[in-house]
1. Quickly run through the stretch 91-102 and pick out the residues that are among the small types (Gly, Ala, Ser), surrounded by fewer than 18 Cβ atoms within 10 Å (Cβ to Cβ) and either at pLDDT below 95 or not in a loop (DSSP other than H, G, I, E, B) (or both).
2. Consider the stretch 103-130. How many of its residues are at negative phi and exposed (fewer than 12 other Cβ atoms within 10 Å of the Cβ)?
3. Just wondering, is there one or more residues in the stretch 127-142 that are assigned to a strand (DSSP E or B) and over 19 Å from Ala44 (Cα atoms)?
4. Looking at the stretch 66-77, can you tell me whether even one residue there is closer than 17 Å to Arg13 by Cα, modelled with pLDDT of 95 or more and not in a loop (DSSP other than H, G, I, E, B)?
5. How many residues are in contact with a Phe, Trp or Tyr (Cβ under 6 Å, 6 or more places away or on another chain), buried (at least 17 other Cβ atoms within 10 Å of the Cβ) and part of a loop (DSSP other than H, G, I, E, B) if we restrict to the stretch 5-30?
6. So, in the stretch 75-94, of the ones that are touching a residue at least 60 places away in the same chain (Cβ under 8 Å) and not β-branched (Val, Ile, Thr), which residue ends up nearest to Ser142 (Cα to Cα)?
7. Could you run through the stretch 36-72 and say how many residues are among the charged types (D, E, K, R), surrounded by 15 or more Cβ atoms within 10 Å (Cβ to Cβ) and closer than 22 Å to Leu108 by Cβ?
Amino acid sequence: MERNDITFFYGLRVRYSEVDSQGIVFNAHYLTYFDTALTEYMRALGYDYHALVKDRGLDFHLVKSTVEYLAPIGFDDEIEIGVCPARIGSSSLTWTLAIFSKGQSECLSLGEIIWVCSKIGEHKSHPLPEDLLAHISDYEKS
């Protein structure tokens, strides 16, 4: 994954509580970073995810998550988590996520998250909301 392939980044500084005894980010925190960056991506889109759940009864099920640990990330490092829609299906969204040191081009971690849209309580796939697709398309074009 090249940094130039990504349009959205969310920055943070690694906290002491996120590192293990080796002084590097504990593996489970990478998924927290990815989730936080996806939430901020939705906010940057101007998309009201809460209304999707509350008013339309739709939500996303996480059906796959992967993390590749390419280089260590340590305490107090400033990182930027990139979010990129990799594949948009009829009911699923595949996200590519990549972590970089602030302002650097070397990818430190690469991940994939797959969401499937579902009606709450039904646990069956449901077509992606057209307005969400429009928000993603508009954001990625700009």
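1. Here is the first cut: in the stretch 91-102, the ones among the small types (Gly, Ala, Ser) are 91-92, 98, 101.
Subsequent filtering for residues that are surrounded by fewer than 18 Cβ atoms within 10 Å (Cβ to Cβ) retains 91-92, 101.
Passing the criteria: Ser92, Ser101.
2. First pass over the stretch 103-130, keeping only residues at negative phi: 104-120, 122, 124-130.
Next, only the ones that are exposed (fewer than 12 other Cβ atoms within 10 Å of the Cβ) stay: 105-106, 122, 124, 127, 130.
Number satisfying all stated conditions: 6.
3. no
4. yes
5. The number of residues fulfilling the criteria is 1.
6. It comes out as Cys84.
7. Total satisfying the criteria: 1.
The values are calculated or read from the model by the stated rules, or taken from the named source; none is laboratory data. Just so it is clear, the model here is predicted, and its values are computed rather than measured. Positions of Cβ are generated from backbone atoms using ideal geometry, with glycine treated the same way; all protein chains shown enter the neighbour counts.
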